[in-house]
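Read through the structure below, which is laid out as structure tokens, and then see the notes.
A short reminder: the numbers here are calculations on the coordinates, not readings from a lab. Everything numeric here is computed off the predicted structure, so don't read it as measured data. Here Cβ is always computed from backbone atoms with ideal geometry, including for glycine, and neighbour counts include all displayed protein chains.
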Amino acid sequence: MRDVNSAPQAEPSSWTLAIRHFLQRRLPLRHLLPDRQPVFVGSWVYIFGVVAIAGLVWVTGSGIALAFFGPQWWHQSGIGRFVNSVHLWSVQVFFVSMVLHLWGQYFMASWRDGRAKTWMVGVVIFAFSIVAAFTGFISQQNFDGQWIAVNAKDATNASGVGSFFNVLNFGQMYGLHIALLPMLVVTLVVIHIVLVRMHGVVRPIEKKQTERPSTEERAS
């Protein structure tokens, strides 16, 4: 029989237990899935961020269809050209919204109150998205894509990255565009959202209150 007076045994330590305790401390459910948000979250600066995520969802969905059927489909089929157009315009929505969100957060000084990591992850997302868009233009498999690749070749060679980043290699560019770069961007977006949930959105910069002079001070 178990001795009721004996001290309870400590839980065995493991990496899964450590991760669970870390998530419980740093990201409780009331932060991960909040039912209320501050009033200033309704600002257009944050709405642009949500629109950018929606654009990324459309980019990913249309990109999966394009990768599955291949270049001949998106150049010769009517539905393929439509999906290709959806992919292109989703990229435009994603970039415009992301730039507006990024600059809006910059002027709001969103790195305040321990949110520097959240801000820097957003900047890295923007940088990787530029490379993803560049490889996408090269992967079009038309004269436009070939023209961009030939002109970009000199730039990459002059910068010193042309030895391992060959823009004339369609296999390499296409593989980066549909595999590595999308995984990086989506992963960083998820990390960015989790950091926002952990630290919350930054409050607006409060306006300094200036005291108005009294009647006696104005008269003197």
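Counting neighbouring Cβ atoms within 10 Å and putting the fewest first, the residues TYR46, TYR106 line up as TYR106, TYR46.
The string of couplings for the range 137-146 from the Karplus curve (6.51, -1.76, 1.60, θ = phi - 60°) is 5, 5, 7, 5, 6, 9, 5, 4, x, 5 Hz, one whole number per residue in order, with x for Gly and Pro. Note on ILE47 and LEU168: with the Förster distance fixed at 41 Å, the Cβ-Cβ geometry gives a FRET efficiency of about 0.50. Phi angles of the range 91-108 translate, via the Karplus equation with coefficients 6.51, -1.76, 1.60 and θ = phi - 60°, into HN-Hα couplings of 4, 4, 4, 4, 6, 4, 5, 5, 5, 4, 5, 5, 5, x, 5, 5, 6, 8 Hz per residue; Gly and Pro are given as x. Across the chain, the mean sequence separation of Cα contacts (distance under 8 Å, 6 or more residues apart), normalised by length, yields a relative contact order of 22 percent. The stretch between ASP154 and TYR106, if pulled fully straight at 0.36 nm per residue, gains 13.9 nm over its current Cα-Cα span. By the equivalent-ellipsoid construction on the alpha carbon gyration tensor, the chain comes out with semi-axes of 42, 33, 18 Å, ordered largest to smallest. Taking R0 as 41 Å, what's the FRET efficiency between ASP113 and PHE143 from their Cβ-Cβ distance, rounded to 0.05? So, using R0 = 41 Å, E works out to roughly 0.20.
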